[in-house]
Amino acid sequence: MRQYVIDELRKDAVDAVLEYLAKHCEKSELNNLFWLRIPDDMLSPEQYTHSECQPHCSGIEVGERFVSFEMLVRSRTSLKCSCIAYATPQQRQFILSFVDRLIEETGI
């Protein structure tokens, strides 16, 4: 799995990350897993035409001492579809820009 991981975080940093993600992402049904929605204008042509698979998101997992950002763009409605793919360069930049804002605004 391709991912961007920030590790060796203190408890207060993890708490700040969780608070930030609660404000800016959608919380999943699983504990400490969040969804960062990829804007429609950044979807690949295949993702865009698969309206039944939208929204498309990147998963963010928060552990006891880490936060991990997936570089896989998933469908929120389908587990297996050809539109699920690693982030395009534009999607990758969107995810990394989100990470940069999180780091800046939480001070981690």
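Throughout, read-outs are computed from the coordinates displayed, never taken from laboratory work. Computed from a predicted structure; not experimentally measured. In this analysis, Cβ positions are derived from the backbone assuming ideal geometry, glycine residues included, and neighbour counts consider all displayed protein chains.
Before moving on, here are some points about what is shown:
- Comparing L36, L96, L21 in a Gaussian network model of the chain, where Cα atoms under 10 Å apart are tied by springs, the biggest mean-square fluctuation is seen for L96.
- Computed from Cα positions, the angle between helix 11-24 and the longest principal axis of the chain comes to roughly 40 degrees.
- Residue of E29, E19, E52 that the Gaussian network model of the chain assigns the largest fluctuation, springs spanning Cα pairs under 10 Å: E29
- Cα-based helix-to-principal-axis angle, 89-106 vs the chain, degrees rounded to 10: 20
- Two-site FRET efficiency, V5 against T49, from Cβ-Cβ distance with R₀ of 25 Å, rounded to 0.05: 0.20
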